[in-house]
Amino acid sequence: MTVQTRMVISLKEHPLLLTRIAALAGMMTVFGTVWPVLFHGGSAVGELLVRTHEVEAAGDADFEAMMEADLYGETGEVSEPVTERDPASIAEHVSLLRDLDRGVAILCLLLAVGLPFLCRKWPKVAWLYLLPAVWLLMNAHAGAMNGGKAFAELAVPAQATRWGMFVVLALLLSRNAQTDCIANWVLRIACALTFAIHGWEAFQLSPPFQDLLYATFGHVEIGLSESACHGLLRAIGMMDLLLAVGVTAIHFRPLLLWMGCWGLITAASRPIAMGFDAWPEFAMRLPNSAAPLLVVLLGMPAAFSLSPSKITTQQEPAT
Amino acid sequence: MNKKSTKIPLMNTSRVGFIVTSLTFSLIAAVYADDVALSKLDVKTLVSKMTPLKGTTPAQWRVVWTGDASREATISWTTAEPGTKHVVHYGPESGGNEKKFALSQTCQSNGAYSIEQPKPQKPKEGESAAEAAKRNSRMKISPAYYHHARVKNLNSDTCYYFILESDGEQSREFYFRTAPAEGDDFTLIHGGDSRSGHADRCRMNLRIAEQAISEPKVLAFAHGGDYIVTGSKWEQWRLWLSQHELTTLKDGRVLPIIPTKGNHDGGKNGLYFEVFDLAEKTERWHTTMLGKDVALVTLDTNSAAGGAQAEWLEAEMKRLRPEVRWLLVQYHRPMYPAVKGPAKHAPIFCPIFDKYNVDIALESDGHCMKRTVPIRDGKKDSSGIVYVGEGGLGVGQRKTSEDRWYINDGGKAGSEHHVIQLDFTPDKMRVRFILMDGSAWDDHTIKVRKR
Ligand SMILES: [Fe+2]
């Protein structure tokens with residue numbers, strides 16, 4: 001049986017389930033990301049744009065050049081006198097950027113919610129899923145540029161399942177064998193990146209991860225010692241790194257199912273530790289759980305998969 | 001005669017009245033003019049107030065408090081060249097024209113700031129290799145050197161005058177006041193987030209100095225973190241340090257700084273710790289004793305709240321609460337934010353704050369102004385803790401989320417550059433948000449807790 005026929009069999013069995021899970025996970029991740037944009041100040045891109053504008057309007061670069069010339073004897077040339085823009089015009093521009101930020105976020109939310117229905121009638125609009133994908137990718141990149149968070153510089157690969165989910169949706173809904181094969185690899189690589197980066201952060205004892213453990217254990221009245229917390233995080237880190245290698249190397253259903261469960265547990269740990277108000281953090285991380293499950297449902301081989309026939313047997317449920 | 005005698009005093013009274021009124025008006029006008037000037041001060045004037053970093057001329061001076069503020073301080077400065085001998089001459093009397101002081105302390109810690117040089121850029125189109133090399137060499141950041149003199153065994157509630165000396169190059173005379181041994185008749189200024197907006201950052205520094213001029217009881221300045229955008233970049237720290245000179249009063253008075261580490265102040269090279277002479281492993285969190293009645297506990301929201309920090313906090317609170325009248329905490333990321341989501345530290349820190357009845361929590365990071373209602377166990381409670389913040393020392397201000405329960409119904413939020421002024425008295429603490437123009441946006445009183 002060729003790879004293509006196997007894939008067709010798989011998609012014949014699960015086409016709706018597959019796209020529904022992907023659409024739901026995408027919807028939730030956008031919902032979780034849009035919520036803080038609307039109610040907690042703005043997106044990472046919005047923050048970056050606002051800061052860039054404020055710094056420019058305040059004449060910071062010219063100020064720095066003047067200080068470098070006058071105090072540190074470095075540049076020796078200050079071309080322009082520093083001009084600061086009127087605070088009212090800065091505020092107006094910032095307000096415009098904030099509105100734009102919210103507008104784009106709402107558009108992405110509408111696309112994530114509306115496209116599953118529109119695609120039934122016009123399959124080609126599935127490519128519009130790339131817009132939320134680009135928005136999430138840009139936000140991850142802006143998060144890395146904004147800095148100020150532990151491991152912020154790794155945000156793009158760390159959030160690969162989120163933006164990757166929409167690439168996968170666009171591919172799956174275009175419904176042909178080649179794009180399914182690409183979707184399989186996008187999912188596997190996205191899972192590998194997200195799990196590897198989170199594993200690395202855990203292994204490096206990322207402070208927010210430590211606090212998730214302390215707070216979660218605290219809720220069940222278990223006082224976690226620092227050494228136990230560190231030991232646990234290192235073990236989790238190792239596991240995540242192995243899972244990241246595993247998802248690209250082999251197609252092994254129990255491993256993928258465990259990745260799905262683990263993704264769900266780690267996403268849920270946020271509201272468990274922080275309270276229900278942290279639900280957007282849970283929602284935006286749902287693709288970490290959904291992506292490995294989609295790989296299972298796709299049932300296509302990994303880099304060093306077992307023989308095709310075996311995989312076919314594995315993925316086909318007993319009827 | 002009687003008429004005359006009554007007339008003269010009347011005339012005298014009106015004259016005195018006229019003089020007093022004129023003086024009052026001119027004083028108000030002078031203060032007002034100063035305030036107007038503060039917001040309009042141009043950049044050239046601001047930069048001209050700072051000390052160039054040249055040779056071994058002491059510049060970027062600061063006095064750092066992280067321990068017993070009645071008895072010790074770290075006096076730090078920067079030079080452009082390494083030099084060999086760095087001494088602070090100090091004493092309870094001014095050195096006068098001859099600059100003679102009773103005491104001196106050789107710096108215990110000297111070194112080069114850890115500078116990450118920008119990567120050399122390739123030649124641009126039409127640019128020769130030599131030109132590119134020249135351009136790259138211009139981009140090179142000049143080295144700079146820190147000097148920290150840890151002075152101990154000071155007398156409480158005493159002005160200490162000092163000059164900084166590096167290889168014979170002397171600074172002008174400065175002074176700072178140590179905290180009283182006991183009692184709380186003083187004022188503390190708190191502010192955070194100076195990471196961008198250089199001109200406004202400078203103006204807020206001048207505002208801090210103005211506050212200390214108008215309220216001589218101002219003892220120190222606690223910074224809530226996010227001094228700069230990228231903590232690993234010396235080229236940003238040096239700007240902040242030069243601009244920090246502006247918090248020095250015209251008469252040479254330096255307000256000791258009590259530092260907090262913000263989320264933008266980190267970096268593998270540990271510049272934050274070099275700037276404030278702190279040990280990275282053991283001094284990420286610390287307690288500053290402002291006499292025996294006021295304790296300011298500084299926490300680190302970049303480190304995990306649980307584990308070592310929580311254990312330390314619990315032990316410190318247990319030790320301090322029965323001893324001090326005013327127990328304050330400061331840290332960077334807010335537990336009850338007015339803009340963003342709460343810090344992940346909240347589930348661990350807040351129950352400890354509640355348990356030990358902290359008197360006020362000083363927060364930053366949100367780039368806004370807020371004063372919460374008193375909160376205990378996540379609910380409004382008149383016996384609870386008021387959380388104030390969230391940083392406005394130059395950075396662009398954000399719009400607050402008005403719908404949050406803790407800033408409504410008695411709480412307050414807004415968006416302007418500000419510092420928070422805490423006036424202590426034995427029975428109450430007055431908490432004022434002072435804006436750049438010197439006006440108060442909020443004036444709130446917290447009563448002392450029954451002990
Ligand atoms: Fe911050």
The residue from B:106, B:79 that alone is buried (at least 18 other Cβ atoms within 10 Å of the Cβ) and β-branched (Val, Ile, Thr) is B:79
When the range A:40-51 is checked residue by residue, the ones that are within 10 Å of another protein chain (Cβ to nearest Cβ) and part of a helix (DSSP H, G or I) are A:47, A:50, A:51
Matching residues in the range B:319-372 (among the small types (Gly, Ala, Ser), more than 11 Å from chain A (Cβ to nearest Cβ) and within 15 Å of the ligand (Cβ to nearest atom)) number 1
Residue B:94 - would you say it is under 20 Å from residue B:257 (Cα atoms) and either part of a loop (DSSP other than H, G, I, E, B) or among the aliphatic types (A, V, I, L, M) (or both)? no
Checked the range B:325-360 for anything modelled with pLDDT of 95 or more, out of contact with any helix residue (DSSP H, G or I) (no Cβ under 9 Å at 6 or more places or on another chain) and of a type in the set (A, V, I, L, M); matches are B:328, B:360
Residue B:417 passes all but one of the listed conditions (1) over 15 Å from the mean Cα position of the chain (by Cα); (2) within 14 Å of chain A (Cβ to nearest Cβ); the exception is number (1)
Filtering helices (runs of 4 or more DSSP H) wholly in the range B:179-295 for at least 1 residues that are within 14 Å of another protein chain (Cβ to nearest Cβ) and more than 16 Å from the ligand (Cβ to nearest atom) gives B:198-214, B:234-244
| query | Somewhere in the range A:260-276, is a residue under 19 Å from residue A:196 (Cβ atoms) and touching a Pro at 6+ places or on another chain (Cβ under 6 Å)? | reply | yes
Looking across the range B:169-178 at residues that are farther than 29 Å from residue B:389 by Cβ and aromatic (Phe, Trp, Tyr), the single one that is farthest from the ligand (Cβ to nearest atom) is B:175
Residues of the range B:381-399 being away from the ligand (no atom under 13 Å from the Cβ) and modelled with pLDDT of 90 or more, in sequence order, are B:381, B:382, B:383, B:384, B:385, B:386, B:387, B:388
The lone condition residue B:156 fails out of (1) under 21 Å from the mean Cα position of the chain (by Cα); (2) outside any loop (DSSP other than H, G, I, E, B); (3) away from the ligand (no atom under 16 Å from the Cβ) is (2)
Of B:58, B:82, the only residue that is within 14 Å of chain A (Cβ to nearest Cβ) and closer than 20 Å to residue B:167 by Cα is B:58
Residue pairs within 6 Å by beta carbon, gap of at least six or interchain, first lying in the range A:53-65 and more than 7 Å from every other protein chain (Cβ to nearest Cβ), second modelled with pLDDT of 80 or more, listed first then second, are A:53/A:93; A:57/A:90
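The values are calculated or read from the model by the stated rules, or taken from the named source; none is laboratory data. These numbers were taken from a predicted model, which means no experiment stands behind them. Don't worry about glycine lacking a Cβ; one is built from the backbone with ideal geometry, like all the others, and counts go over all protein chains shown.
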